[in-house]
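First up is the structure itself, then whatever we jot down about it.
Any read-out appearing in this document is the output of simple, stated calculations on the displayed coordinates, not a laboratory observation. This is a predicted model, so every value here is computed, not measured. Methodologically, a virtual Cβ is constructed for each residue, glycine included, from the backbone with ideal geometry; neighbour enumeration extends over all protein chains shown.
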Ligand code: Z2T
């Protein structure tokens, strides 16, 4: 047995690490047993995949004992837990995280060395489960990590997509999507439980019947699918607590049902099977702009209904349902699972035979809703037509919820028809449809935004009538990121340096990073910190050469913009900055030797149907090709667009970056979480006053943050005055030259038509006001160059960014959820 890595006095420390794998010898034995018995090969005959599997299974074996023990504890002495309902979990690789959480990294490394195996080769085998689009899915993954680390009982519920977010490649600089078949070789981390499958129904009609004198409604569905759960371990960091992530996979029901459904037609039956199994086939690749497709509604109901049913089934037969809110909170990760609201009502009223009012009182206490956007086009709306066809009983229930809600509104405000129409869950135009955010708000005990500014705008701009109607319902919980993955695992150099300075314990108490403030004044510490950054750049250089054939040059300022491609995030503004720098050199207005050497690194996937986003990807690649090949800027400007940006790559890019680009139009980025990861890894931010940037700047101080652009009220005012982007084009020579250069065909082999749609969009529409913020952005970038010239001062500011951003641990976010929304005490 090894001593507990947190030290015996740590509040989270349990018994020392024990179990089958807790010594090097024990680990080797268990590994060989898994190799022989689970993979059916001898070490001498094994391939990389065999060894990765056997290794992962060995780590899993160790965590198993804890998992079973914790599940038993929850069964025997149940306390209130969180059911996190999320259509997305962007987990990233599991192996290193599970090694870290179990404190087995050193033992495992030694054990593999004893077998002649390089553990890094095993790490490289793992395919990351990309079951999310971006921020929202990664946030869910950070939150379940923190819930486990804080020992709060939690099940993460979601969908086991067979294909996660597409793999991105470039052809001729344009995005091409490839399917992400992450399950081809199987996953050592999942436990299928077909015996716990649930039948999920769709379609059909509703009818009323006489239930011994009481008139009741019931649903007579038209078809069914099976929801098969797959469990994944979610270990807390070194605390012996293991929660569960439970993802549902769709399977056709047995052939008997298929025959009923298809009246004996075999080919039709097979088609029906494919139809049913399509439900969990693929993740919709839209980040913040849902398409309103029928299959997506099927996915939402499929996992929401399966999850709620799964939880209710675990309760004892004699459970008093009026106490349900003391046992569970269903946290709605955006509106994707909101169809679970009428589903819980259906179960309580139609199946458990509760009175409507009693059921509604329970429901309103059991749900809480997190909104992740402000973009009007991102607020989900389902047509009544589609809902009535797919979920007729749930639609009836939504109508009744709305009627009773509007009655309450009338009681308060009288027949204010305008207000009634504005607050109705059912909207009548352009088509009759259900506003899912309104349903979520009415049905929830609490509604939260994801950063201070976002929560304020949510109250004041998106749901002001609801905020007035429900005082105290709205709150803020600023997002966070897990320091285990995004500092300890991604940046071991920095982690060691921090521990050397302030000791252990900061990984679960991130505000302790404050103690680094005094170290910022120490020249030796600054030198060591700068050396960690340089080493991280060299590590990224190796990854990039290997992966994409790119080089990261020493001495370059590494300027990173990695996030989904969306017009509101304004990758276009970044392009205009690069083109401006380039143009100023080639036009002879600036000497190449006078500009700060910079490497711009982009990572971004565009939704496959988002034409403008794909054009911008094409433009970035085209600019990169010209700039990188032009001897006039050689050694000064380099543009790298690394394809298929994902969590694994984020873990390499973020620790290497000097500058973090967070340049969305103010009021559009709900929070951002990449911004937090960069600051915690010692990058300085250039950003607008948007989302969590506001809080980052407040914490790190104006002098350690590059602020530019309009504030949200200024954006509003400019819109109100009438925004004419062409006026900004006329007024700024650099901007004119940059846009003219793109329009001239300089980046498209002389063909002016290729990027013409981008240029005219900028000049005549520019919804996200790129041109309005251009001058201020360029001016601020000049300050970045000047600041970088003083390396030691830059490092000083970078250390202060790390020291002052402990607030952005997802442990703090989860503590806020517990205190303000969930009221679920830790069980250790
Ligand atoms: C998403 O990733 C986000 C918002 C969405 O609104 C949908 C998706 Cl898939 C419906 C992002 C926000 O854009 C980002 O600002 C935020 O940090 C993140 O969610 C987590 O809250």
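Classification of the range 437-584 by its C-alpha gyration tensor yields an oblate form. The axis ratio a/c (a ≥ b ≥ c) is 1.5 or more, and b/c is at least a/b.
In plain terms, the residue of 377, 294 with the fewest other Cβ atoms within 10 Å comes first and the most crowded comes last, giving 377, 294. Where only DSSP H runs of four or more residues are counted, the chain gives -14000 deg cm²/dmol as its mean residue ellipticity at 222 nm, each run worth -39500 (n - 2.57). Considered as an equivalent ellipsoid built on the Cα gyration tensor, the range 426-508 has semi-axes of 42, 15, 10 Å, the largest given first. Inverting the pair-averaged 1/r between distinct Cα atoms of the range 38-128 gives 15.3 Å as its Kirkwood hydrodynamic radius. Take every Cα pair under 8 Å whose residues are at least 6 apart in sequence, average their separation, divide by the length of the range 98-213, and the relative contact order is 16 percent.
Stretched out straight at 0.36 nm per residue, the stretch from residue 176 to residue 737 would grow longer than its current Cα-Cα span by 198.9 nm.
Between residue 364 and residue 461, the simple label model (points 7 Å from Cα in the Cβ direction) yields a spacing of 3.0 nm. Short-range pairs are left out: with C-alpha atoms under 8 Å and at least six residues apart, the relative contact order of the range 560-655 is 37 percent. P(r) tail for the range 483-808, what percent of Cα pairs lie past 31 Å? Taking all Cα-Cα pairs of the range 483-808, the fraction more than 31 Å apart is 29 percent. A simple packing score, the average count of other Cβ atoms within 10 Å per residue, orders the peptides 403-415, 236-248, 737-749 as 236-248, 737-749, 403-415, with the highest score first. With viscosity 0.890 mPa s and temperature 25 °C, the Kirkwood radius over alpha carbon pairs of the range 117-189 converts through Stokes-Einstein to a diffusion coefficient of 165 µm²/s. Once the mean of 1/r is taken over each pair of separate Cα atoms and inverted, the chain shows a Kirkwood hydrodynamic radius of 28.3 Å. Taking the number of Cβ atoms within 10 Å of each Cβ as an exposure proxy, the fewest-first ranking of 336, 372 is 372, 336. Between residue 36 and residue 828, the simple spin-label model (points 7 angstrom out along Cα→Cβ) gives 3.4 nm.
Here the calculated FRET efficiency for residue 764 and residue 322, from their Cβ-Cβ distance with R0 = 60 Å, stands at 0.50, rounded to the nearest 0.05. Size estimate for the range 695-828 follows the Kirkwood approach: the inverse of mean 1/r over distinct Cα pairs works out to 18.8 Å.
Using alpha-carbon pairs under 8 Å, 6+ residues apart, how would you state the relative contact order of the chain in percent? Taking the mean separation of contacting Cα pairs over the length of the chain, I get 13 percent. Max-minus-min Cα coordinates of the range 634-713 on each principal axis give 38, 29, 21 Å, with the largest extent listed first.
Once the Cβ-Cβ distance of residue 632 and residue 776 is raised to the sixth power relative to R0 = 41 Å, the FRET efficiency obtained is 0.90. Pop the C-beta distance of residue 415 and residue 535 into the FRET formula with R0 = 56 Å and round what comes out to the nearest 0.05. The computed FRET efficiency comes out at 0.20. Among 142, 366, the order by Cβ neighbours within 10 angstrom, fewest to most, reads 366, 142.
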